[in-house]
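**Q** Have a look at the structure that comes next, please.
Any read-out appearing in this document is the output of simple, stated calculations on the displayed coordinates, not a laboratory observation. In this text the structure is predicted, and so the values were computed from the model without any measurement. Using ideal geometry, Cβ is built from the backbone for each residue, glycine included, and neighbour counts are taken over all protein chains shown.
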Amino acid sequence: MWDFEQGEVLAFDKPLHWTSFDLVAKVRWNLCQKIGKKKLKVGHTGTLDPLATGVVIICTGKKTKLIDQLQYDVKEYVATLQLGATTPSYDLEKEIDRTYPTAHITRQLIDETIPAFLGEQWQIPPIFSAVQINGKRAYEFARKGEEVELKPKLLVIDEIEVLAFDESTMQLTIRVVCSKGTYIRALARDIGERLGSGAHLIALRRTRVGDTRVENCYTIERFLEELKDYEYVQVQ
């Protein structure tokens, strides 16, 4: 039986085009309606881009105290990169700004390149990101066309493997297991640079957070359906 005020840890499969905040807001509003409260602490343990789907962990009530701890759980992603072109956001949020030759790219070259991204890596975050710069988000500068310097961050990639490569479309699909703070969009940029072709992200799915796999997560629709049968009992 759920007790949202004492606290629950819920795992969701975030829909495409939703922000993590959209998901939190939807859950919070429905929980407040169900339990008859104007306020309830609800938060997530790690942002997922609107153009990505997959695991987002949401904590409620007193278990929001676990958020700082849960943020450090290892993440697993499946990402598809388009080689031969770049965008300012490193994904499909922005239009292609430059194209590159790809005739030199082979599966052998990819297999020789990808292992270089294993282990500790210094990564410069995307300018279109929520990284804080002087009290503002990086994307606020980016959307105004202002240039700012982002400092590289140390992260760890525990596993990276090629799942598929289509030589006709120059689309590369990889699986990545990594630490908190890893931007897969920035990884796509760096792989493209290493291959000498440029690259941007065209699909991203977070398949695991800690021990929670996406196939075991709630869709927002299923959660709201189960919530209909939830009976709130206020503890005196």
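**Q** For Cα extents along the principal axes in Å, pick the label among [x] 59, 43, 33; [y] 50, 40, 34; [z] 70, 37, 30 that corresponds to the value derived from the coordinates.
**A** Evaluating Cα extents along the principal axes in Å on these atoms matches [z].
**Q** Report the relative contact order of the chain, percent, no decimals, based on alpha-carbon pairs under 8 angstrom and at least 6 residues apart.
**A** Averaging sequence separation for qualifying contacts and normalising by length gives 28 percent for the chain.
**Q** By how many nm would the segment from E225 to K153 grow when fully extended, if each residue of separation counts as 0.36 nm and the alpha-carbon distance is taken off?
**A** Using 0.36 nm per residue and subtracting the Cα-Cα distance, I get 21.8 nm.
**Q** Within the chain, which DSSP H helices have Cα atoms that stretch 18 Å or more along the helix axis and a mean Kyte-Doolittle hydropathy of at least -0.5?
**A** Helix filter hits for the chain: 20-35.
**Q** Just for the chain, what percent of DSSP beta bridges are antiparallel, to the closest 5?
**A** Of all bridge pairs located within the chain, approximately 90 percent are antiparallel.
**Q** Here's something else I'd like to know. Only sites in a loop by DSSP and with at most 15 other Cβ atoms within 10 Å count here; which GluC sites (Glu not before Pro) in the range 27-108 make the cut?
**A** E95
**Q** Long-range amide H contacts for K41: which residues qualify at under 5 Å (H placed 1.01 Å from N, peptide plane, sequence gap of 5 or more or a different chain)?
**A** It is G61, by chain and number.
**Q** Using alpha-carbon pairs under 8 Å, 6+ residues apart, how would you state the relative contact order of the range 20-110 in percent?
**A** Relative CO of the range 20-110 lands at 18 percent.
**Q** Oh, and also: Of the trypsin sites (Lys or Arg not before Pro) in the range 32-132, which ones lie in a loop per DSSP and count no more than 16 other C-beta atoms within 10 Å?
**A** For trypsin sites (Lys or Arg not before Pro) across the range 32-132 that sit outside H, G, I, E and B with at most 16 neighbouring Cβ atoms in 10 Å, the list reads K37, K38, K39, K41, K94.
**Q** While we're here: Local charge sum around T113 (other residues, Cβ-Cβ under 13 Å, Lys/Arg +1, Asp/Glu -1)?
**A** Overall, the nearby charge balance is -3.
**Q** What are the residues whose amide H is under 5 Å from the amide H of A85, where those residues sit 5 or more places off or on another chain and H is modelled from the backbone?
**A** Long-range HN contacts for A85: Y100, A199, H200.
**Q** If you don't mind, another one. State to the nearest 20 debye the size of the charge dipole of the range 75-209 about its Cα centre, where the only charges are +1 on K and R beta carbons and -1 on D and E beta carbons.
**A** In debye, rounded to 20, the range 75-209 gives about 540.
**Q** Then there's this: Over all alpha-carbon pairs in the range 75-209, figure out the percentage whose distance exceeds 17 Å.
**A** So the pairs more than 17 Å apart make up 58 percent of the total in the range 75-209.
**Q** Calculated from DSSP H runs of 4 or more alone, at -39500 (n - 2.57) each and per residue, what is the 222 nm mean residue ellipticity of the chain, nearest 500?
**A** About -6500 deg cm²/dmol.
**Q** From the phi of every residue in the range 96-109, what ³J(HN,Hα) in whole Hz does the Karplus formula 6.51 cos²θ - 1.76 cosθ + 1.60 yield, where θ is phi - 60° and glycine or proline is x?
**A** Once θ is set to phi - 60°, the couplings for the range 96-109 become 4, 10, 7, 10, 9, x, 10, 4, 7, 7, 10, 4, 4, 4 Hz.
**Q** Could you point to the residue in L16, G46, A103 farthest towards the positive end of the chain's charge dipole, with +1 and -1 charges on the Cβ of Lys/Arg and Asp/Glu respectively?
**A** G46
**Q** In debye to the nearest 20, how big a dipole does the chain give about its Cα centre with +1 on each Lys and Arg Cβ and -1 on each Asp and Glu Cβ?
**A** The calculated dipole for the chain is roughly 1000 debye.
**Q** Another question, then. For every other residue with a beta carbon closer than 10 angstrom to the beta carbon of A52, add +1 if it is Lys or Arg and -1 if Asp or Glu, then tell me the sum.
**A** +2
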